[in-house]
Amino acid sequence: MSDDFDDFDVGLFGTWGDADDAPLMGLAQGVLLEMKSAEALRAEEQAASDMRPILNEATLELRKQFETFRGLRCGAEVMLADGDEAAQKLARADIKAAIDAMSLIVRTLEKIDSLQRQFARDRQAEAERVADQGGYQEALREVERLIDERAEERYRQRCLAAGLDPEEPGGAAGDGAPAPDTG
């Protein structure tokens with residue numbers, strides 16, 4: 001008796017390495033505005049960090065169990081072909097139980113994989129959010145620099161057009177006359 005589990009490679013469901021999130025945590029802590037947020041972020045990160053090794057261990061254990069049930073099913077298939085009627089009945093029950101257990105293991109492995117992928121997406125989203133926030137601050141500084149640069153350039157042009165030395169207080173005559181209107 002053969003089924004879809006013959007071609008199923010339980011090795012596809014592997015363990016996930018723990019990413020080094022220390023730099024991300026340092027950046028994230030630098031932008032928090034209140035302590036509640038900081039504590040919530042730490043608790044959430046700790047929960048995810050604690051969960052990854054547990055999920056990895058569960059994956060390894062489920063892979064072993066899957067292989068065990070696959071072996072049981074193969075043994076029962078031999079009994080189904082070679083045994084007497086009572087042995088065949090028992091073999092059919094064993095095959096059904098093994099297939100049911102393998103199906104449950106596959107669904108559980110898929111759920112573990114989904115959780116691991118969600119943890120990875122959450123870490124990536126947080127890294128992007130922190131990077132975007134830093135990028136925004138940098139862009140804001142650049143815009144302010146350009147505004148200051150342009151304002152200085154316009155001031156100099158107006159001073160020169162009015163015959164004043166932009167470097168000298170009160171203009172070239174030094175008479176304390178106000179600088180030209182730069183607005």
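Observations on the structure shown:
- Scanning the stretch 88-108 for residues that are loosely packed, with under 14 Cβ neighbours inside 10 Å and touching a residue at least 24 places away in the same chain (Cβ under 8 Å) yields nothing.
- Inclusion of Arg158 among residues that are at pLDDT below 90 and in a helix (DSSP H, G or I) is not warranted.
- A search for C-beta distances below 6 Å between a residue of the stretch 57-84 that is closer than 14 Å to Ala98 by Cα and any residue that is at pLDDT below 90 and acidic (Asp, Glu), counting only pairs 6+ apart in sequence or on different chains, returns nothing.
- Inspection of the stretch 71-78 finds no residue satisfying the criterion of being under 30 Å from Ala131 (Cα atoms), hydrophobic (A, V, I, L, M, F, W, C), surrounded by 12 or more Cβ atoms within 10 Å (Cβ to Cβ) and at pLDDT 85 or above.
The values are calculated or read from the model by the stated rules, or taken from the named source; none is laboratory data. All values derive from a computational prediction rather than experimental measurement. So basically every Cβ, Gly included, is an ideal-geometry build from the backbone, and we count neighbours across all protein chains shown.
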